[in-house]
1. Mind listing just one residue for me: the one in segment 152-168 that is buried (at least 22 other Cβ atoms within 10 Å of the Cβ) and part of a loop (DSSP other than H, G, I, E, B) and, of those, nearest to ligand 2 (Cβ to nearest atom)?
2. Could you please let me know if ARG108 is part of a loop (DSSP other than H, G, I, E, B) and within 17 Å of the chain's Cα centre (by Cα)?
3. List pairs: first residue in segment 13-38 and under 16 Å from ILE53 (Cα atoms), second residue surrounded by fewer than 19 Cβ atoms within 10 Å (Cβ to Cβ) and hydroxyl-bearing (Ser, Thr, Tyr) anywhere in the structure, Cβ distance under 7 angstrom, at least six positions apart or on different chains.
4. Being within 16 Å of ligand 2 (Cβ to nearest atom), open to solvent by 20 Å² or more (accessible area, probe 1.4 Å) and either more than 21 Å from the chain's Cα centre (by Cα) or closer than 17 Å to ILE185 by Cα (or both): is that true of VAL113 here?
5. Counting only residues that are among the small types (Gly, Ala, Ser) and part of a loop (DSSP other than H, G, I, E, B), which one in segment 111-146 is nearest to LYS209 (Cα to Cα)?
6. From the list LEU101, LEU137, exactly one residue is touching a helix residue (DSSP H, G or I) at 6+ places or on another chain (Cβ under 7 Å), within 11 Å of ligand 1 (Cβ to nearest atom) and not small (Gly, Ala, Ser). Which is it?
7. Go over the candidates PRO176, PRO144, PRO140 one by one and state the one that is open to solvent by 20 Å² or more (accessible area, probe 1.4 Å) and assigned by TED's automatic domain parsing to the domain that holds VAL30.
8. Considering every residue within segment 119-142, establish whether at least one is modelled with pLDDT of 95 or more, within 16 Å of ligand 2 (Cβ to nearest atom) and farther than 28 Å from GLN7 by Cα.
Amino acid sequence: MATFKTQVVSEAEKGAVTAAVSCLSKGQLVAIPTETVYGLAADATEHSAVQQIFEVKGRPSFNPLICHVAGPEMAKKFVEVDPISTSLMEKFWPGPLTLVLPAKKDSRIADPVSAGLNTLAVRCPDKEITRTIIDELGHPIAAPSANPSGKLSPTSADDVLAGLAGKIPLVIDAGPSREGIESTIVGIKDEKLYLLRPGTITAEDISEKTSLPVFDRDDNEITAPGQLLSHYAPNAPVRLNATEKQAGEVLIGFGDIEGDMTLSASGNLSEAAHNLFKTIRFADKSGLTIAVAPIPNTGVGIAINDRLHRAAAPRENP
Ligand code: TXA
Ligand code: MG
């Protein structure tokens, strides 16, 4: 694997877009900001660039990548849309909603992006500089979260460097990610919507805006191959639903449970999502077991609990 002196360029710097587009068009990887978490981007039409994503992350090749597009028009070049997906794009893009749709057969997207599936995941990030980079590159970018596979997703340029310094040439720094957890993923099959990964856009938000029910993920119908149980793993063990601290633990609080640090003192779930990975990373520095206060399993809490359960699961790749 090539080694680099990783450069960090602020989004406010004049040359930021040009630097990113120049690396991407040479087939190199760039860590890019999005409103959810930082992504590890490659030109989605360049086979060898996309393959480097899998190498740099240590990601299993069966786990497909999300294609980030500048808008619905670009998406429609690569996926088949129907009235439901068109309406979701209109209502939620740009924003943290990923759609898994049938891939167009003659599309130029490199094969490893969809890992052999006949679908493609598309998303339009709510981060202007990132859409500008995609626009100027003229191709979608494939981008998983910019962390070594199975580890915590990065919500700052420093988090990216902690996992990938020396492995990529460039990080575009846009400060802390607004949402803090990855996008909601939905699939559409036989005109029905399925939730494949919960996020800050909730199933209720989608139902409200589309007047359609959102069904739970059905493993037999649509698969999200990357949804391995052990994921988002800090180094330390994680204990959930902790109402008080035991010996050898650091406690992450929420609402009335104060803890050594808190996801949200006021019990606000969006704030808790924003702080989730950052707080677990910080707690992990203590070397102690990470205990986490109960999080209500409603609204955005469903996505937070999804990440917490994976963080606490027995490690598949110790
Ligand atoms: O917010 C996000 O979505 C971030 C930022 C960078 O955009 N990206 C992200 O990518 O979370 P990643 O690779 O960490 O997670 C992508 C998920 C995986 O679980 C993968 O299996 C699923 O999307 N996925 C991708 N393509 C798919 C497809 N064609 N069918 C089903 N699931 C797919
Ligand atoms: Mg990820």
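1. Result: SER153.
2. Judged against the criteria, ARG108 is not a match.
3. Filtered contacts from segment 13-38: GLY27/SER48.
4. So VAL113 does not fit the description; no.
5. In the first step, residues of segment 111-146 are kept if they are among the small types (Gly, Ala, Ser); the result is 114-116, 121, 138, 142-143, 145-146.
Those left that are additionally part of a loop (DSSP other than H, G, I, E, B): 115-116, 138, 143, 146.
Working: ALA115: 31, GLY116: 32, GLY138: 31, ALA143: 27, ALA146: 31 Å.
Among them, the one singled out is ALA143.
6. Going through LEU101, LEU137 in turn, just one is touching a helix residue (DSSP H, G or I) at 6+ places or on another chain (Cβ under 7 Å), within 11 Å of ligand 1 (Cβ to nearest atom) and not small (Gly, Ala, Ser): LEU101.
7. Among PRO176, PRO144, PRO140, only PRO176 is open to solvent by 20 Å² or more (accessible area, probe 1.4 Å) and assigned by TED's automatic domain parsing to the domain that holds VAL30.
8. yes
The values are calculated or read from the model by the stated rules, or taken from the named source; none is laboratory data. Keep in mind that what you see is a predicted model, and the values were worked out from it rather than measured. All Cβ positions, even for glycine, are placed from backbone atoms using ideal geometry, and neighbour counts span all protein chains on display. Ligands, DNA and RNA are stripped out before the accessible areas are found, and what is left, the full protein with its side chains, is counted by its heavy atoms. Shrake-Rupley method; radii C 1.70, N 1.55, O 1.52, S 1.80 Å.
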